[in-house]
There are 6 protein chains.
Amino acid sequence: MGAVKPIEYADAPAAVRAVFDDIKATRKVDDVNNFWKHLANDPATLRRTWESIKEVMAPGALDPLTKEMIYLAVSVSNGCGYCIASHTAAARKAGMTDAMFGEVMAVTGMANETNRLANGYRVPVDPAFER
Amino acid sequence: MGAVKPIEYADAPAAVRAVFDDIKATRKVDDVNNFWKHLANDPATLRRTWESIKEVMAPGALDPLTKEMIYLAVSVSNGCGYCIASHTAAARKAGMTDAMFGEVMAVTGMANETNRLANGYRVPVDPAFER
Amino acid sequence: MGAVKPIEYADAPAAVRAVFDDIKATRKVDDVNNFWKHLANDPATLRRTWESIKEVMAPGALDPLTKEMIYLAVSVSNGCGYCIASHTAAARKAGMTDAMFGEVMAVTGMANETNRLANGYRVPVDPAFER
Amino acid sequence: MGAVKPIEYADAPAAVRAVFDDIKATRKVDDVNNFWKHLANDPATLRRTWESIKEVMAPGALDPLTKEMIYLAVSVSNGCGYCIASHTAAARKAGMTDAMFGEVMAVTGMANETNRLANGYRVPVDPAFER
Amino acid sequence: MGAVKPIEYADAPAAVRAVFDDIKATRKVDDVNNFWKHLANDPATLRRTWESIKEVMAPGALDPLTKEMIYLAVSVSNGCGYCIASHTAAARKAGMTDAMFGEVMAVTGMANETNRLANGYRVPVDPAFER
Amino acid sequence: MGAVKPIEYADAPAAVRAVFDDIKATRKVDDVNNFWKHLANDPATLRRTWESIKEVMAPGALDPLTKEMIYLAVSVSNGCGYCIASHTAAARKAGMTDAMFGEVMAVTGMANETNRLANGYRVPVDPAFER
């Protein structure tokens, strides 16, 4: 009861189709992935999220591969199953090798460990790190 | 009551001094930061954590700057105040510019947003992303 | 090995049946959902959790729909699959429309994004917000 | 080292001033709070975040008070100190009474408890809640 | 604006005093700690939370020290500063030694690391662990 | 696309087999569980993680059952499905009874609830708990 259904291009209103078209053109893919088909139930959120993602993930001071690996690390840390699957694929497409994947996981794991050690030992921030 | 006190080099047993010496030599710093001084209360955890960090953060398929930015992104996502401060400093030292910092934050923010949209809309993993 | 099995009404001891009866009467449902059948393995936790939920979710300064939407937002933020499914259904039953669902998701997503931006930029609390 | 400094209106470039002006006009406040002054270090993120917040928090199917209480509940659940302080103030301004605050906290607390009980008991989703 | 103020015994209504008296008698302390003084702003939540805590933390199949260490581990994992401080003190009072504290931290850290490795490698549950 | 495949003993390089052999000997099991077969894709992370786990989970100031219950509580709190399944089994093997399981869940649930109440009420640390 109440679960949201995906909206396919053929059934989508014009505002949704426009976003789908832009995703497909920007990413050079034939169809959008399930995330967008579900967000399409709320066209305003679909458009806002896509425009934000497009802006944030565009090449800038960081290259797309680095951005995708950061996205993956955060998704792994948060335990979002869908996001781990989709951003592993996206990072692979952007050039992440098996060795890089292993290192992203290793860093993400260590950060999660030492975050808790710092919490538990109640470590005060060193003056050198303060504002 | 019960809060752990930092252990300074002068007061540290030999096993702790050996780790402190290795941290200082590896990182080319005059003193270790508060995190290590607190972990020194448990020499086994101090040694194990340092050896793991040294191995994980060494240059490999990913360069040290990329690793530090991933570490920072995870720490920000987890809300660990000490870790955000120390890894912002570490990433800066490894070459993170103001523009890079801004992009790490932007990607981390977006990942946290879309992780929840994927959760809430209960998006099934696309067959293309499946194992 | 070790996974907990649900306990059905027919097999339940009197203490569990009493809670099941109260849930069914309070919610006007024919059977309790899986959450309660699993908690029934620990009758004290079953009773305590139900009594707390009944008290917390009763109409008060906030109406039941608002409470269910807050419950859903927290469950989405935490990524609890069962809870997202059950509280989406509960919120729908309490009157959540498609448009409301979309807005709950949008607010939950934005809060998760800006929570991390505030963490990462280490924003100090404005004096006006302090105690 | 490396902590971001807030940017005041007087020192801000035109693109930042334009956002600050819109925040002040929309919210009818004399100055923006620290969150925006810190984001101003990255004008693109400042603009994008403000435009998203403005769109998401505008009255719609849900009223501003309900949205602020959801924002607060998520921030409390995530443990973001700055966000808890700022969104408690925002919700108060939108009409949250002491009794409402107490109920938001009670629901947020219970949701966090039952989310973990559902995780730990590995409760399968009821067919009635499935898509 | 809006931050909750602690309520001292002398200023508390009878319903709050009754809970404070029970906490002091149960724990053999002269005064309740800040957590309870803040919850006192919502007497129903104060009472419900105390009764639940009293029931859950009483000796049972697990002794009080084990329960306090689990409470501490969860609080460290969640990064709740107040809870880390108060439950470190409570665990110390229940008999946690320095060596035990170190091991609680070590286990908590490792669990947080391997939780993310399991997420990131998308490890399927072994049939032997399935229900 | 991109999902990691498990590596079986028969197909594993010598460095991986050595770790698998040590896991099997230490735990007195015929085969390693899926977690290790997936980590085997990164032999350095496999070895480092196993050596850390072996050291951290060995009997010390805390017995193995207590450590497994803490591991389980953290995994439940984080919502790691694989880890909940595997550490429930491990704790059962170490002697966790049904009653103990129920109490671990109850404490984990309460800790998650009161962590958020402490966050939301912005409770300051009592001087008695300060360093």
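The values are calculated or read from the model by the stated rules, or taken from the named source; none is laboratory data. Small disclaimer: the values here were computed from a predicted structure and weren't measured. Heads up, the Cβs are rebuilt from the backbone with ideal geometry, glycines too, and the neighbour counts pull from every protein chain shown.
Side notes on the structure shown:
- Residue check, residue C:82 at the interface with chain D (Cβ under 7 Å from one of its Cβ atoms), in a helix (DSSP H, G or I), among the aromatic types (Phe, Trp, Tyr) and farther than 23 Å from residue D:57 by Cβ: yes
- The condition of being of a type outside the set (Phe, Trp, Tyr) and over 30 Å from residue C:86 (Cα atoms) holds for residue A:94.
- Residue check for residue F:17: in contact with a helix residue (DSSP H, G or I) (Cβ under 7 Å, 6 or more places away or on another chain) and basic (Lys, Arg): yes
- Scanning region E:64-79 for residues that are of a type in the set (Val, Ile, Thr) and either more than 24 Å from residue B:77 (Cβ to Cβ) or part of a loop (DSSP other than H, G, I, E, B) (or both) yields a total of 2.
- Out of E:3, E:90, E:61, sole residue that is among the small types (Gly, Ala, Ser), out of contact with any Cys (no Cβ under 7 Å at 6 or more places or on another chain) and part of a helix (DSSP H, G or I): E:90
- Scanning region E:93-106 for residues that are more than 9 Å from chain B (Cβ to nearest Cβ) and part of a loop (DSSP other than H, G, I, E, B) returns E:94, E:95, E:97.
- Summed over region B:23-45, residues that are free of Cβ contacts under 8 Å to residues at least 40 places away in the same chain and within 17 Å of residue B:90 (Cα to Cα) total 11.
- Scope region D:10-58; condition part of a loop (DSSP other than H, G, I, E, B) and surrounded by fewer than 20 Cβ atoms within 10 Å (Cβ to Cβ); matching residues: D:12, D:13, D:28, D:29, D:30, D:31, D:41, D:58
- Number of positions in region D:10-29 that are touching a Lys or Arg at 6+ places or on another chain (Cβ under 7 Å) and farther than 22 Å from residue B:101 by Cα: 1
- Enumeration of residues in region F:63-83 that are among the hydrophobic types (A, V, I, L, M, F, W, C) and surrounded by fewer than 24 Cβ atoms within 10 Å (Cβ to Cβ): F:65
- Residue list for region D:30-83, restricted to those being within 12 Å of the chain's Cα centre (by Cα), hydroxyl-bearing (Ser, Thr, Tyr) and under 24 Å from residue A:50 (Cβ atoms): D:49, D:52, D:71
- Any hit, region C:107-123, residues being more than 10 Å from chain A (Cβ to nearest Cβ), at pLDDT 95 or above, crowded, with 24+ Cβ neighbours inside 10 Å and within 11 Å of the chain's Cα centre (by Cα): no
- Residues located in region C:74-131, provided they are among the acidic types (Asp, Glu) and touching a Ser or Thr at 6+ places or on another chain (Cβ under 6 Å): none
- Looking across region C:109-131, the residues that are over 13 Å from residue D:39 (Cβ atoms) and in a helix (DSSP H, G or I) come down to C:109, C:110, C:111, C:112, C:115, C:127, C:128, C:129.
- Condition check for residue F:7: β-branched (Val, Ile, Thr) and buried (at least 22 other Cβ atoms within 10 Å of the Cβ): no
- Subset of region B:1-56 [at the interface with another protein chain (Cβ under 7 Å from one of its Cβ atoms) and of a type in the set (Ser, Thr, Tyr)]: B:45, B:49, B:52
- Residue within region C:89-101 that is of a type in the set (Gly, Ala, Ser), at pLDDT below 95 and more than 19 Å from the chain's Cα centre (by Cα) present: no
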